[in-house]
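The values are calculated or read from the model by the stated rules, or taken from the named source; none is laboratory data. Here the structure is a predicted model, which is why all the values come from computation and not from measurement. Here the Cβ is made from the backbone with ideal geometry for all residues, glycine too, and neighbour counts use every protein chain on show. Accessible surface is based on the protein model in full, side chains and every heavy atom, while ligands, DNA and RNA are left aside. Shrake-Rupley method; radii C 1.70, N 1.55, O 1.52, S 1.80 Å.
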Amino acid sequence: MYLSKKNVFIAIFALLPIIVDQLNGFFNAELGLNVPIAQVFKGIILVLMVAFLIYKAKVNHLLFICILCILFFIPIIYSQANSNNFNSIFGEDLAHSAKLLTLPISVCFFYEYFKQSTVKDRDIFNVGLFLFWTLVLALIGSVLGFGLDTYGINSSGEAYGYKGYFISGNELSSLFALIYSIFLSKKFSGDKQLKYYFPRLVICIVIGLLVAGLLVTKTALLSFVVITVSIPFFYSFYHRKKNRRFASQISKSNKKTLLATIFLVLPVFVTVFEERIQMNIERYEYNLKRDGSVFGFVVSGRDQRYGVIWDYFSSEMSPFEQLIGVGKTQPQIHLGGDNRYSAEMDLLDALTTNGLLGTIFLYTFWFGMLFVSIKMFIKRDSVLSVPIMLSISLLLANTLIAGHILYSAMLSHYLALFFGYLISTRNKLHA
């Protein structure tokens, strides 16, 4: 995984946030220090990005950021004006708004940076590989006892899943969907070593399956299946006109890969990890009975919260509040007190937090990224359009049933890095 020296900054910039997140989790879990070093670090990064845009005098980007700040800080100002808990909730609302600003500001920053750099597709794919292997190492460490578990442990003391020292398993699953797309796509980015295409692809799928199996969240497992099935076929279409030889090789190998996965990889995987699979099947059966329906199981029981949050939005918020939102903490405290209460589903939480205006902007921005990546895929402008298009589609769909996606600073940072590079290549192509 070679990365030229002039682009080492990109590797460092990409690795630092994920390393700081691990350090934050380590200090919290092992040393009992609840110090928000990850939030502080990401806040500094965000300020530096804005400073870069100011230095470059990018008026359009700065005007865009000013509008965003007004849009996302109005709910905080309004909430504080009507609250008796200024000191306790202001910091939380401010940090929450900073998370929302991470994606659009980072996209502006990375777009401007890559537009002026000599970074190539190979370098960006390598950044994705670095991130993926960082995740793999974190999970291995967790299996060996250096990290946190997901969903607790069973009566025998075995963990159901692992997440390294990452605090949020949901955010990590979303990040997996993004970087596994990049990781698998690396094998389709050119026509080198065609004769090794099939075994290399199978190895990548095995590694992806192991990672998804260690994370063991529904998001990670479903993302693995969708990405593994979709990526080869999307690239077969992508290369059909640009590189018929490679497209033909992909098409011939797709059936072999599918057969190898079904009749070799999965049986071996099930045999080797039979106990862990059975343990998680029992957990899923328990959750299905607890949640009372298939839909309730799919959304992890969040469906019981949806009605409560919608009633709060439609009945207890004034028309003005429905338009601008009331911030993150006010509805959580109102409905749950010290225990807090939210829908744990991004769409509904966005409605109460940022109102109709903020929600419309958030989803317009996300669908705009999806539209651009689909357009670049159809025009075959960049091999990176495939994983970005697919991962954005998966993440957007997940916001309708789960949380911690629109508001994930870690995911937003890395999605912005890849998407910012993607649109910078489009402008270079059509300059």
Subject >> Selected residue (criterion: least open to solvent (accessible area, probe 1.4 Å)) from residues of the range 155-180 that are more than 21 Å from residue 30 (Cα to Cα) and assigned to a loop (DSSP other than H, G, I, E, B) >> reply: 156
Subject >> Leading residue by the ranking (farthest from residue 281 (Cα to Cα)) among those in the range 201-222 that are without any contact (Cβ under 8 Å) to a residue 40 or more places away in the chain and crowded, with 19+ Cβ neighbours inside 10 Å >> reply: 204
Subject >> Within the range 296-360, helices (runs of 4 or more DSSP H) holding 2 or more residues that are closer than 23 Å to residue 170 by Cα >> reply: 303-311, 329-336
**OP:** Could you please find all residues in the range 223-240 being closer than 16 Å to residue 266 by Cβ and open to solvent by 50 Å² or more (accessible area, probe 1.4 Å)?
**Re:** 225, 229
Original post:
From the set of residues in the range 398-414 that are closer than 10 Å to residue 177 by Cβ and assigned to a helix (DSSP H, G or I), which is most open to solvent (accessible area, probe 1.4 Å)?
Top reply: 398
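Table: residues versus (1) farther than 20 Å from residue 410 by Cβ; (2) open to solvent by 60 Å² or more (accessible area, probe 1.4 Å); (3) not polar (S, T, N, Q).
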position: 61; (1), (2), (3): yes, no, yes
position: 68; (1), (2), (3): no, no, yes
position: 77; (1), (2), (3): yes, yes, yes
position: 90; (1), (2), (3): yes, yes, yes
position: 105; (1), (2), (3): no, no, yes
position: 108; (1), (2), (3): no, no, yes
position: 116; (1), (2), (3): yes, yes, no
position: 123; (1), (2), (3): yes, no, yes
position: 126; (1), (2), (3): no, no, no
Subject >> Residue list for the range 136-183, restricted to those being of a type in the set (A, V, I, L, M, F, W, C) and closer than 17 Å to residue 405 by Cβ >> reply: 166, 167, 172, 175, 176, 177, 178, 179
Original post:
Mind checking whether some residue in the range 256-263 is open to solvent by 70 Å² or more (accessible area, probe 1.4 Å), without any contact (Cβ under 8 Å) to a residue 40 or more places away in the chain, more than 30 Å from residue 184 (Cα to Cα) and more than 29 Å from the chain's Cα centre (by Cα)?
Top reply: no
**OP:** Please specify each residue of the range 28-43 satisfying the condition of being part of a helix (DSSP H, G or I) and either farther than 26 Å from residue 108 by Cα or open to solvent by 90 Å² or more (accessible area, probe 1.4 Å) (or both).
**Re:** 28, 29, 30, 39
